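Below you'll find the structure, written out as structure tokens, and then a few comments.
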Amino acid sequence: MDFMPEQPRIVVGVAGRIGSGKTAVAQELARFFGFEYFRYSLVLADWFGANPSDKEYLQEIGGGVMSGEGQLELNRRLIRLIPAGTDSVVDGLRHPLDFASLDAQFRHSFSLIFIETARNIRFERLRGRFSDLHQFEQADAREVESNIDDLKPLASAILPGTLERAEVHATLRSLLTGFREKAQS
């Protein structure tokens, strides 16, 4: 039997504007590649005792956390949850401090995927949540959403949010090979 060296653990962050498809990508990593799934909004909901499905309230709380000193604490709380030695995916990075915190903690093991999707497609995906374009634009313009585009230049990969599931899967498989190579360096 050939000796197979253990693969290095990796942590992948996923960022993108609301409705971009970031959760679908993160869940693909969890379901089909065995990654442990973490989400900033769940950590925020737990911290403040909020309902995790109340997205509007979480956006309000997140804006308050981000405008104060709370973003660093939010990152500390999230990082404490990530188990050692386990491939993990973090859904919902919204601020360069999120990137900096994860990058500082996990160094070469951390990579960021940014999901880029046109506004009209994002609105269509969220039509059940927002009754009209104006309401969607208000949510997309909230304080908590204001720094997301600053993450794009920090990303290891930028994916269009319009890929079919099979394309997402194949792309992720390829990206993970590169992310593991980076983690070994």
Which residue, chosen from PHE114, PHE99, PHE179, occupies the Cα position most advanced towards the positive end of the dipole of the chain, where the dipole is computed from +1 (Lys, Arg) and -1 (Asp, Glu) charges on Cβ about the Cα centre? PHE179
Please compute the contact order of the stretch 91-185 in relative form: average sequence separation of alpha-carbon pairs under 8 Å and at least six residues apart, divided by the residue count, as a percent. 48 percent
Toy charge model, Lys and Arg Cβ at +1, Asp and Glu Cβ at -1: the chain dipole around Cα centroid in debye, rounded to 20, equals 240 debye
Using alpha carbon centroids, what distance separates the stretch 111-185 and the stretch 51-85, in Å? 19 Å
Using the Karplus curve 6.51 cos²θ - 1.76 cosθ + 1.60 with θ = phi - 60°, what ³J(HN,Hα) values do you get for each residue of the stretch 54-61, in whole Hz, with x for Gly and Pro? 8, 4, 5, 5, 5, 5, 4, 4
Report, by chain and number, residues whose modeled amide H sits under 5 Å from the one on GLY13, excluding near sequence neighbours (fewer than 5 apart, same chain). VAL90, SER111, LEU112, ILE113
Between GLU36 and GLU56, Cβ-based FRET efficiency (R0 30 Å, step 0.05) works out to 0.65
Top mean-square fluctuation among GLN27, GLN71, GLN135, Gaussian network model of the chain, C-alpha springs under 10 Å? GLN135
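FYI, it's all coordinate maths here, none of it is from the lab. All of these numbers come straight from a predicted model, not from anything done at the bench. Glycine gets a Cβ as well: all are built from the backbone with ideal geometry, and neighbour counts include every protein chain shown.
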